[in-house]
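Written below as structure tokens is the structure these notes are about.
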Amino acid sequence: LTLNYLLRIPTPLAYHTFTPAETDDATIEARIIADFEAKRPECVVLVPRSLREFGAQRFGIDYDRRLASYLRARYVAVGRTGGPDYSLLVLRRRP
């Protein structure tokens, strides 16, 4: 949401944070995927971070695996930046 605010681009998605506390339920994950399908955002920005406080490793590894698979199938990486403690991945919808 911060990127949307700074770039003045509204987010079409109802869900914008993917942490186990918010999305570690198959029903919620299915709703998120349905929201992506309905709204088909052109770009998605992922900002991975440590999820130790949730007892999780990483998005797509031990939670939200179906959502990560959905994104891999329909989006392609167009930009990446960061370092050892921070990263940012920009995905663009495949044509």
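Among the numbered conditions (1) part of a loop (DSSP other than H, G, I, E, B); (2) open to solvent by 60 Å² or more (accessible area, probe 1.4 Å); (3) hydrophobic (A, V, I, L, M, F, W, C), the only one that Ala21 does not meet is (1). The residues in the range 26-53 that are more than 25 Å from Thr81 (Cα to Cα) and open to solvent by 70 Å² or more (accessible area, probe 1.4 Å) can be counted, and the count is 5. Restricting attention to the range 62-82, the residues that are open to solvent by 80 Å² or more (accessible area, probe 1.4 Å) and under 23 Å from Ala14 (Cα atoms) total 4.
The values are calculated or read from the model by the stated rules, or taken from the named source; none is laboratory data. These numbers were taken from a predicted model, which means no experiment stands behind them. Note: accessible area is taken over every heavy atom of the protein model, side chains too, but ligands, DNA and RNA are not part of it. Shrake-Rupley method; radii C 1.70, N 1.55, O 1.52, S 1.80 Å.
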